[in-house]
1. Hey, what angle do you get for helix 3-15 against the long axis of the chain, alpha-carbon based, 0 to 90 degrees rounded to 10?
2. Computed from the mean reciprocal separation of all distinct C-alpha pairs, what Kirkwood hydrodynamic radius does the range 182-277 have, in Å?
3. Which one, 598, 411, 174, is farthest towards the positive end of the dipole of the chain when Lys and Arg carry +1 and Asp and Glu -1 on their Cβ?
4. Note down the net charge around residue 269, summing +1 for each Lys or Arg and -1 for each Asp or Glu among other residues with Cβ under 9 Å from its Cβ.
5. Of all the accessible heavy-atom surface of the range 14-147, with the other protein chains kept in place and a 1.4 Å probe, what percent is carbon and sulfur?
6. Shape call for the range 98-145 from the C-alpha gyration tensor, a ≥ b ≥ c root eigenvalues: rounded (a/c under 1.5), prolate (a/b greater than b/c) or oblate?
7. Explain nothing, just the number: relative contact order of the chain, from Cα pairs under 8 Å at least 6 residues apart, as a whole percent.
8. How big is the range 259-330 by Rg and Dmax over its Cα atoms, in Å?
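The values are calculated or read from the model by the stated rules, or taken from the named source; none is laboratory data. This is a predicted model, so every value here is computed, not measured. Note that we place each Cβ from the backbone using ideal geometry, even for glycine, and neighbour counts take in every protein chain shown. Ligands, DNA and RNA are excluded from the accessible area calculation, which covers all protein heavy atoms including side chains. Shrake-Rupley method; radii C 1.70, N 1.55, O 1.52, S 1.80 Å.
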Amino acid sequence: MTVSVVLLALAVVQSGTQQLQVVIDPPQFELAVDSSRRLRAFILEPNGGREPATAVRWLVSDRSIVTVSDDGLVTARRPGRAQVIAVVRGNPTFSAVTVPHLPPATIEVRIPTQPLLAGTSVPLTVVTRDRLGEELAAPPLQMRSESEHVVAVDAAGRIFARSPGAAAVEVAAGEVTTRLDVRVVRNEGATYDIVPARASVRTGDVLRLRVRGMTGGGREIAELWPAWTVSGPGAQVEAEGHEGVFVAEHAGPYRVSALIGEDLVRSAIVRVEPRALRGLLEKVGRGPIATHHSGDMWVFQGIDGRDYAHIGTFMHDWMKAWDVTDPSLPVLVDSIRVDARRINDVKIHPNNRLAVITREGASDRRNGIVLLDLTDPAHPTILAEYTESLTGGVHNVWIRGEENLVYACHNGTSELHIIDIADPTRPREIGRWGLPKQDKTLHDVIVQDGYAYLSYWDDGVVMLDVGAGTHGGTPTVPVLVSQFKYPIGHTHTAWRSGRYLFVGDEIYPSGWDADAPIEARGYVHVLDYDDPAHPREVARYEIPEAGAHNLWVEGDRLYIGYYQAGLRVVDISGELRGDLYRQGREIAALKTLDGHSTVPNWPMTWGAQVYKGNIFTADMNSGLWIARLIEERPVP
């Protein structure tokens with residue numbers, strides 16, 4: 001939860017139906033960096049008057065943007081937006097503050113190579129920062145060459161080498177100016193062509209192109225940095241170093257062009273065929289749950305050799321245990337009741353002798369986690385609880401089997417709590433990690449190859465070294481590797497596969513009702529972690545009329561519980577760029593529709609787990625589904 005939601009809940013609990021009407025003056029304002037302004041809180045009287053509030057507790061949503069003193073003096077620290085909160089007798093109210101961007105203070109300019117060959121061109125990279133060192137997004141720039149017969153520069157920031165010599169390019173942003181000295185040498189190039197000159201690929205396949213320049217003597221010219229374009233709206237090409245990275249959404253011929261110099265352009269034809277990889281998700285079995293909403297699930301082989309699926313619940317206090325040894329005929333074998341209004345997550349220890357379930361909404365407000373003994377996997381029993389530092393509720397967990405640790409996402413602190421379960425009857429907290437800010441929401445955690453990936457909602461995805469050894473982190477003392485944020489936020493879950501991290505959003509409409517159709521939104525971001533310290537978004541998978549939820553990757557297939565769009569399977573083979581949905585990389589889909597469910601004929605597919613050749617998923621409205629992917633290979 002955010003600070004706003006937590007305070008609002010406190011107000012309802014403490015004041016009941018007799019809530020005070022509190023306002024802040026002003027309700028919204030703008031404040032320059034290092035400036036201050038005093039706010040005042042008032043209680044609205046029944047007659048319309050305002051009484052100055054006393055004993056006000058002042059808070060802010062993000063202390064890195066603004067701070068507030070005990071008497072309401074707000075000071076701006078850096079550009080951004082935040083909320084100032086006044087709490088009067090347990091009743092919160094809010095004032096929105098905007099801290100405008102600072103003007104540019106420094107400009108950094110660079111080109112990828114020196115000297116330049118006459119008749120060629122290179123991109124000019126410009127980075128502007130304010131006096132706090134923060135990078136500014138696309139401020140207005142003025143650029144000019146001091147010797148246009150040697151070099152020219154266009155409004156898009158491309159430098160064209162015209163003739164041998166030396167020149168300076170001047171770049172200005174606001175009142176700050178910098179210069180870049182450029183040298184141009186004679187060009188011995190005789191011929192230029194794009195490699196490959198002709199190519200045939202499928203939609204979604206990434207093709208890397210480059211320009212080859214040759215001298216009259218047959219020597220290849222290095223350091224060519226062309227600008228790339230493609231004809232038609234069904235494809236894209238991006239410059240990446242020397243290369244042009246091409247990918248198409250629609251079949252057909254495309255002309256790809258490379259601007260080498262002012263009067264030097266070369267083209268190539270790329271023919272794109274349909275991807276032609278299709279499949280079928282065949283329903284294998286069902287474990288219907290129609291009396292309440294279902295949550296997350298985990299499938300495992302019990303120590304008795306049989307297969308089981310444990311499913312949590314949403315707005316209910318039972319965990320369901322299913323025997324799925326025969327996936328075509330799941331059998332409900334037991335239910336475990338705990339004090340909770342939500343059992344969101346279920347995880348099984350790799351030794352298959354211990355389960356961990358999460359609790360939210362406990363009647364005594366002591367939530368935490370519950371450890372289950374799986375000695376008899378068909379009939380789990382409660383072994384222990386841990387609530388001491390997790391009273392605010394736990395939404396998701398991850399179990400590190402070799403270290404006997406549980407990583408718990410605590411709603412109260414929105415931090416990662418590290419719980420030692422070496423003695424599962426006596427769990428204890430031994431570590432903790434969180435973003436150094438007040439208003440934050442930690443939703444999920446997954447650990448792969450010694451790295452933890454934290455889905456931090458509006459703060460994006462955070463990568464921690466928790467034993468990989470690259471940044472000095474250990475399983476109990478995590479170390480930050482990187483953080484990646486995108487504008488809309490709602491970072492819900494993540495899964496790493498190879499160089500890529502697949503990150504799912506979750507966006508619910510305001511005023512949603514679990515017992516009515518929910519029009520969820522959000523999509524899967526594909527992040528390239530080839531350089532873990534500097535991840536970048538390279539692709540996406542988005543069904544426009546639905547919302548993504550949990551993910552699973554097995555081999556080169558991505559399995560997604562896509563809420564009202566059902567279970568989806570996506571081909572993620574090869575390099576990924578662009579819009580995977582429009583490229584036809586989706587292989588198969590299954591709508592988890594059931595007329596006898598909590599919301600009849602409205603699927604809300606939760607996620608997916610591939611287990612022994614089958615795909616298991618829980619639908620929030622209708623319970624357990626088991627499917628099998630049958631792929632139709634194209635005929636050569």
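1. So the inclination is approximately 20 degrees.
2. So the Kirkwood estimate lands at 14.1 Å.
3. With unit charges placed on the Cβ atoms, the residue in question is 174.
4. +3
5. Whole-percent figure for carbon plus sulfur exposure: 47.
6. Taking the square roots of the gyration eigenvalues as a ≥ b ≥ c, the range 98-145 is prolate.
7. Details: 1791 pairs, mean separation 55.6, N = 636.
Relative CO of the chain lands at 9 percent.
8. 25.4, 75
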